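Have a look at this one before I ask anything.
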Amino acid sequence: MDFQDTPEQAAFREEVRTFIENERPREYDPDKGMQGGEERAPRDAPWYKRWQGKLSERGWIAPAWPKEYGGASLGVMEQFIMNEEFAEARVPPSSIGNGVSMLGPTIIAHGSEAQQEEHLGRMLRGEVIWCQGYSEPGSGSDLASLQTRAIRDGDDYVINGQKIWTSGAHYSDWIFMLARTDPDAPKHRGISYFLLDMKTPGITVRPLVNMASLHNFNEVFFEDVRVPAENIVGEVNRGWYVGATTLDFERSSIGSAVAHRQTLERYLDYWRENADGVSNPEGVREALAERWIEAATAKMLSYRVIGMQAAGEIPNAEASIAKMFSTELSQRIAGTAIKMLGTAGILNGGEKAPFEGRLGAAYVASVSATIAGGTSEIQRNIIATRGLGLPRA
């Protein structure tokens, strides 16, 4: 990894910094808003619409998309620089939900012209929020075993089944999902990729409140839900391969690495000001030092991933290493903060609660970090088999 920007990259980094300095919404407080996965910014707020509009003018809502679809055609290094600078400045994300990052590239690659015209523009304008319907009660890590059925009936398909752990389904407008259209085919075949309006009759969303009392996940039930056949993306029974599509290989997790350091900076400031009142201050100091070293390591792992991408390689085990290390580090950071605060760390609010009483909820919510996006066990299997060449367990 070359840690120095090329002249072109340095110029782009300066462009991003200047844009953030001039256009950042002063109404946004990154320390308030999202906890446990809720929306960071109200999409209907005038200041948020202005921010999104400025990003859209530059194609930065979907920087990896081709320009003809409203993106900026940025390469992986430019995306990395933009993500890093946005994380450092703690400005709002460019989009809410999975539409731009996951569905958009899929529609660009596999969607019909009508699907592209109907959906891509609305994604970029922030008019439609999307959620993802993949996991089922019996199909999580082994997603290809999914059982939600879609049966052809004239010009429609009729869908029956259930999805679970559906992030943001309670505020999403549409869902992209996988359903089995040929039950007799091998499990990786016979699956199709559907687009559904969440207002379609027969769809029921039930909240799943986590142990931190936060609502992000949901169960979604489909009972005789009719969806036009034209809402299938790509070929019928080829949805598994359509779902694997992505045009944006920027998987460095640089935003998480930067956020870890910023969080630790706030904890270090607190420790310096309150060390006399901290139980076992030397032990906490050593733990904070270890977390700081680990945060620097997470950043280097991110740099390794982007270095491979810039060289035209696809990081596989390397991306899993970065993901697993970063999510497990988030749990260790939360644990260290609670150790520093002692019983005050479990306060949920009040004038005397450190960090406005957010650390207790953050500590409990961090449990899910090593589950979402592929469990640490799955990541270890990827690292072992694809990185080290070991046999599958």
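The values are calculated or read from the model by the stated rules, or taken from the named source; none is laboratory data. Just so it is clear, the structure is predicted and the values come from calculations on it, not from any experiment. We place every Cβ from the backbone using ideal geometry, glycine too, and count neighbours over all the protein chains shown. When the accessible area is computed, the model is the full protein with side chains, heavy atoms only, and any ligands, DNA or RNA have been set aside. Shrake-Rupley method; radii C 1.70, N 1.55, O 1.52, S 1.80 Å.
If I build a Gaussian network model for the chain, linking alpha-carbon pairs within less than 10 angstrom, which residue out of 319, 361, 275 has the largest mean-square fluctuation?
It is 275.
Taking the simple approach of a point 7 Å from Cα along Cα-to-Cβ for both residue 316 and residue 235, what is their distance in nm?
Distance between the two pseudo-spin positions: 2.3 nm.
Taking R0 as 41 Å, what FRET efficiency do you get between residue 14 and residue 331 from their Cβ-Cβ distance, rounded to the nearest 0.05?
Approximately 0.70, to the nearest 0.05.
Using modelled backbone amide H atoms (1.01 Å from N, in-plane), which distant-in-sequence or interchain residues come within less than 5 Å of residue 198's amide H?
Close amide H contacts, sequence-distant or interchain: 174, 175.
Something else now. How big is the stretch 55-106 on each of its three principal axes, counting only the C-alpha atoms and giving the largest first in Å?
Result for the stretch 55-106: principal-axis Cα extents of 28, 22, 19 Å.
While we're on this one: Normalise the Debye intensity by I(0) for the chain, one equal point scatterer per Cα, no solvent, then take log10 at q = 0.15 Å⁻¹ and round to two decimals.
Ignoring solvent entirely, the Cα scatterers give -1.59.
Turning to a different aspect of this structure: Compute the distribution of all C-alpha to C-alpha distances in the stretch 79-134, in bins of 5 Å from 0, and list the percent of pairs in each, rounded to whole numbers.
Calculated over all Cα pairs of the stretch 79-134, the distribution is 4, 18, 23, 21, 17, 11, 5, 1 percent.
Shifting gears a bit: Quick check on the stretch 167-234: what are the equivalent-ellipsoid semi-axes from the Cα gyration tensor, as sqrt(5λ), descending, whole Å?
Values: eigenvalues 130, 46, 21 Å².
Output for the stretch 167-234: semi-axes of 25, 15, 10 Å.
Then there's this: Quick one: plug the Kirkwood hydrodynamic radius of the stretch 324-363 (C-alpha pairs) into Stokes-Einstein at 4 °C, 1.567 mPa s, and report D in µm²/s.
126
In nm², what is the average projected area of the convex hull enclosing the Cα atoms of the stretch 197-241? Mind showing how you got there, number by number?
Values: hull surface 18.7 nm².
Convex hull of Cα atoms, orientation-averaged projection: 4.7 nm².
Which value, in nm² and rounded to one decimal, describes the direction-averaged projected area of the C-alpha convex hull of the stretch 263-393? Could you put the intermediate results ahead of the total?
Details: hull surface 37.9 nm².
Directional mean of the projected Cα hull area for the stretch 263-393 stands at 9.5 nm².
So for the stretch 132-180: antiparallel DSSP bridges make up what percent, rounded to the nearest 5?
65
Okay, moving on. What three numbers, in Å, describe the spread of the alpha carbons of the stretch 117-179 along their principal axes, ordered from the longest?
Computed over the Cα atoms, the extents are 35, 32, 18 Å.
Counting only protein chains, not ligands or nucleic acids, how are 364, 305 ordered by accessible area (probe 1.4 Å), most first?
Details: 364 45, 305 0 Å².
Reading off the accessible areas and sorting them downward yields 364, 305.
Here's another thing I want to ask about it. For the chain, what is the percent of antiparallel DSSP beta bridges, rounded to the nearest 5? If you can, show how the numbers build up before the last one.
Working: 28 of 34 bridges.
Restricted to the chain, the bridges split so that about 80 percent are antiparallel.
For the chain, what relative contact order do you get, as a whole percent, if you take Cα pairs closer than 8 Å and at least 6 residues apart?
Averaging sequence separation for qualifying contacts and normalising by length gives 13 percent for the chain.
Taking all protein chains as present, what is the carbon and sulfur share of the accessible area of the stretch 247-393, in % to the nearest whole number, probe 1.4 Å?
Exposed carbon and sulfur together represent 55 percent of the surface.
Still on this structure, please answer the following. Over all alpha-carbon pairs of the stretch 344-392, lay out the pair-distance distribution in 10 Å bins, whole %, shortest bin first.
Computed distribution, short to long bins: 25, 26, 19, 17, 11, 1.
If you count only protein heavy atoms with a 1.4 Å probe, what accessible area per residue comes out for the chain, rounded to a whole Å²?
Counting only protein heavy atoms, the per-residue value for the chain is 49 Å².
Another one. Quick check: convex hull of the Cα atoms in the stretch 44-180, volume per residue, rounded to a whole Å³?
Working: hull volume 19.6 nm³, N = 137.
Dividing the Cα hull volume of the stretch 44-180 by its residue count gives 143 Å³.
Over all pairs of distinct alpha carbons, what does the Kirkwood formula give as the hydrodynamic radius of the stretch 216-322, in Å?
Every distinct Cα pair counted, the radius reaches 18.2 Å.
Provide 60, 240 ordered by accessible surface of protein heavy atoms (probe 1.4 Å), highest first.
Details: 60 5, 240 70 Å².
Putting 60, 240 in descending order of accessible area: 240, 60.
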